[in-house]
Amino acid sequence: MEKVDLVSIVPFTNDHKSAIKTLNEEWLQLYFKIEDEDAKVLSDPQKYIIDQGGRIYYALLGDVIVGTVSLIKKDAFTYELSKMAVSSLHQGLGIGQKLLEHAILQAEFMQLNTLVLYSNRKLNSALHLYQKHGFIEVPMGATNYERADIKMEKNLN
């Protein structure tokens, strides 16, 4: 049995609300910087994600949170896949893929039409993972993130 098989995906609870901030700040500081929009959303995920109709999921290995992903509501049928991060100690084990697959299943269950995401072209592994799961590049449009230089979309119909 592989380590990823021991990972379970659980929904947001207030007991774990700080994990989204901890995991994303670790990732952002490693590759980019924490932007104003990150600081705002990560400081109060209940207000900026959950209360707006979004979802947050965590990857648990035993009783340790090792990853997270969010679905942020854009409109009734479009959500943004966002705030996906895996602890640096647990990368390369397939946890990001498990989180992504869970988020896609939840989006389908919610009967969404589209998932969008913003990323950066230097994140080759992430882009490959998104493409493998049916995301395609679309025109950028406006974004709240300086680091974003690619927008991808997955049609769920």
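The values are calculated or read from the model by the stated rules, or taken from the named source; none is laboratory data. What you are looking at is a predicted structure, and each value in this text was computed from that prediction instead of being measured. FYI the Cβ positions are ideal-geometry reconstructions off the backbone, even for glycines, and counts take in every protein chain you see. The protein model used for the area step is the full one, side chains on, heavy atoms only, and it has no ligands, DNA or RNA in it. Shrake-Rupley method; radii C 1.70, N 1.55, O 1.52, S 1.80 Å.
Within segment 29-46, find all residues whose amide N lies under 18 Å from a label point positioned 7 Å from the Cα of HIS16 along Cα-to-beta-carbon. Counting backbone N atoms under 18 Å from the label point, the list is 42-46. Set Lys and Arg Cβ to +1 and Asp and Glu Cβ to -1, take the dipole of the chain about its Cα centre, and tell me which of LEU23, VAL64, PHE77 lies farthest positive. The residue sitting most towards the positive pole is PHE77.
Extending 7 Å from the Cα toward the beta-carbon at both ASP44 and ASN144 defines two label points whose distance is 1.2 nm.
Placing a label point 7 Å from the Cα of GLU137 along the Cα-to-Cβ direction, the residues of segment 79-123 with a backbone N closer than 11 Å are 121-122. With all protein chains in place and a 1.4 Å probe, the accessible surface of the chain carries 49 percent carbon and sulfur.
Restricting the count to DSSP beta bridges whose residues both fall in segment 35-157, what percent are antiparallel, rounded to a multiple of 5?
On the way: 23 of 26 bridges.
Taking every DSSP beta bridge with both residues in segment 35-157, the antiparallel ones total about 90 percent.
For segment 1-71, a crude dipole built from +1 on the beta carbon of Lys and Arg and -1 on the beta carbon of Asp and Glu, taken about the Cα centre, is about 100 debye to the nearest 20. Among the listed options (i) 62, 33, 26; (ii) 50, 49, 33; (iii) 39, 33, 31, the one matching Cα extents along the principal axes in Å as calculated from these coordinates is (iii).
With no solvent and one point per C-alpha, what does the Debye sum give as log10 I(q)/I(0) for segment 1-76 at q = 0.15 Å⁻¹? Each listed q maps to, in turn, -0.54. Okay, helix-only estimate at 222 nm for the chain: each DSSP H run of n ≥ 4 adds -39500 (n - 2.57), divide by all residues, round to 500 deg cm²/dmol; what do you get? Calculated from helices alone, the mean residue ellipticity at 222 nm is -9000 deg cm²/dmol. Given +1 at the Cβ of Lys and Arg, -1 at the Cβ of Asp and Glu and no other charges, the dipole of segment 62-157 around its Cα centre is 160 debye to the nearest 20. Loop-only check: which trypsin sites (Lys or Arg not before Pro) in segment 3-59 are DSSP coil with at most 13 other Cβ within 10 angstrom? Counting only loop positions with at most 13 other Cβ atoms within 10 Å, the trypsin sites (Lys or Arg not before Pro) in segment 3-59 are LYS33.
With a Förster radius of 41 Å, plug the Cβ-Cβ distance of ASN113 and LEU6 into 1/(1 + (r/R0)^6) and report the FRET value to the nearest 0.05.
On the way: r = 34 Å, r/R0 = 0.83.
So the FRET efficiency works out to roughly 0.75.
Annotation for segment 1-65: GluC sites (Glu not before Pro) lying in DSSP loop with at most 11 further Cβ atoms inside 10 Å of their Cβ are GLU2. Of the chymotrypsin sites (Phe, Trp or Tyr not before Pro) found in segment 54-85, those in coil by DSSP whose Cβ has at most 15 other Cβ atoms within 10 Å are PHE77.
If you add up the charges near PRO139, with Lys and Arg at +1 and Asp and Glu at -1, over every other residue whose beta carbon is less than 13 angstrom from its beta carbon, what do you get? The answer is -2.
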